[in-house]
Amino acid sequence: MGKPLTEQELHNLAMNIVGRQLEADGFEFMAINSKLQKNPQYVCLKEKILHFIVVRNVSYPENPMVYDEGLMEKVKNHADKFEAKTYFAGVGLSNASNQSLPVYLNEEYVVEYQGLIEIR
């Protein structure tokens with residue numbers, strides 16, 4: 001058995017998955033914050049509009065599409081001051097061989113990521 005990934009490592013993995021997608025979609029990174037509990041994780045510019053993006057690693061069997069409404073409301077209120085759009089990016093990460101086991105370092109894992117969810 002490998003070593004289970006820490007919360008910070010899982011968070012960084014989720015951020016990398018979202019970051020690659022943002023880059024592919026033409027977002028320009030203005031600020032990146034990978035510290036746990038520090039939001040938003042990404043402040044990006046696309047088509048002259050600021051985007052605040054909160055990234056969360058979501059452990060199986062939780063639904064990566066479900067977010068903390070209180071937290072997202074707080075981030076949205078902050079984003080509104082900058083005329084920025086607010087998004088949630090939930091990334092489900094699970095062990096490829098057995099979803100009830102943790103994700104281990106250097107072992108296969110499954111990603112469930114549906115893209116950005118706009119908070120209106």
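Only the coordinates and a few stated rules stand behind these numbers; no lab work does. Note that this is a predicted model, so its numbers are computed, not measured. Glycine gets a Cβ as well: all are built from the backbone with ideal geometry, and neighbour counts include every protein chain shown.
Being of a type outside the set (A, V, I, L, M) and loosely packed, with under 14 Cβ neighbours inside 10 Å is the filter; apply it to segment 100-117 and report the residue that is nearest to Gly2 (Cα to Cα). Give the derivation first.
Taking segment 100-117 and keeping what is of a type outside the set (A, V, I, L, M), we get 100, 102, 104, 106-109, 112-115.
Then drop every residue that is not loosely packed, with under 14 Cβ neighbours inside 10 Å, which leaves 100, 106, 108, 114-115.
Working: Ser100: 15, Asn106: 7, Glu108: 11, Gln114: 28, Gly115: 29 Å.
Among residues in segment 100-117 that are of a type outside the set (A, V, I, L, M) and loosely packed, with under 14 Cβ neighbours inside 10 Å, the one nearest to Gly2 (Cα to Cα) is Asn106.
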Next item on the list: State the number of residues belonging to segment 1-58 that are under 14 Å from Gly115 (Cα atoms) and among the β-branched types (Val, Ile, Thr).
Entry: 6
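Just to be sure before I move on: is Val54 among the β-branched types (Val, Ile, Thr) and out of contact with any Lys or Arg (no Cβ under 9 Å at 6 or more places or on another chain) in the structure I sent? Steps first, please.
Values: among the β-branched types (Val, Ile, Thr): yes; out of contact with any Lys or Arg (no Cβ under 9 Å at 6 or more places or on another chain): yes.
Yes, satisfied.
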Margin query: Could you list, ordered by first residue, the pairs with Cβ atoms under 9 Å in which the first is in segment 77-90 and in contact (Cβ under 8 Å) with a residue 60 or more places away in the chain and the second is assigned to a strand (DSSP E or B) and of a type outside the set (D, E, K, R), at least 6 apart or interchain?
Written below: Ala89/Tyr42; Ala89/Ile53; Ala89/Val54; Ala89/Val55; Ala89/Tyr113; Ala89/Ile117
Checklist line | Candidates Val111, Val58, Val54, filtered to the one that is touching a Pro at 6+ places or on another chain (Cβ under 6 Å), under 22 Å from Asp25 (Cα atoms) and of a type in the set (A, V, I, L, M, F, W, C) | finding: Val54
Next item on the list: Give segment 69-119 a look and list any residue that's over 23 Å from Lys48 (Cα atoms) and β-branched (Val, Ile, Thr), or say none.
Entry: Val91, Val103, Val110, Val111
Check: If we scan segment 78-99, do we find a residue that is within 19 Å of Glu7 (Cα to Cα), in contact with a strand residue (DSSP E or B) (Cβ under 7 Å, 6 or more places away or on another chain), surrounded by fewer than 15 Cβ atoms within 10 Å (Cβ to Cβ) and hydrophobic (A, V, I, L, M, F, W, C)?
Finding: yes
Next item on the list: Would you tally the residues in segment 88-120 being of a type outside the set (A, V, I, L, M, F, W, C), closer than 16 Å to Val58 by Cα and in a strand (DSSP E or B)?
Entry: 8
Notebook entry, point to check: If you take the residues in segment 1-35 that are polar (S, T, N, Q) and either touching a residue at least 40 places away in the same chain (Cβ under 8 Å) or in a helix (DSSP H, G or I) (or both), which one is surrounded by the most Cβ atoms within 10 Å (Cβ to Cβ)?
Noted result: Asn12
Margin query: Just to be sure before I move on: is Tyr60 farther than 24 Å from Val103 by Cα, of a type in the set (Ser, Thr, Tyr) and touching a strand residue (DSSP E or B) at 6+ places or on another chain (Cβ under 6 Å) in the structure I sent?
Written below: no
Check: Which residues, counting only those in segment 80-102, are over 17 Å from the mean Cα position of the chain (by Cα) and not acidic (Asp, Glu)?
Finding: Lys81, Phe82, Ala84, Asn95, Ala96, Ser97, Asn98, Gln99, Ser100, Leu101, Pro102
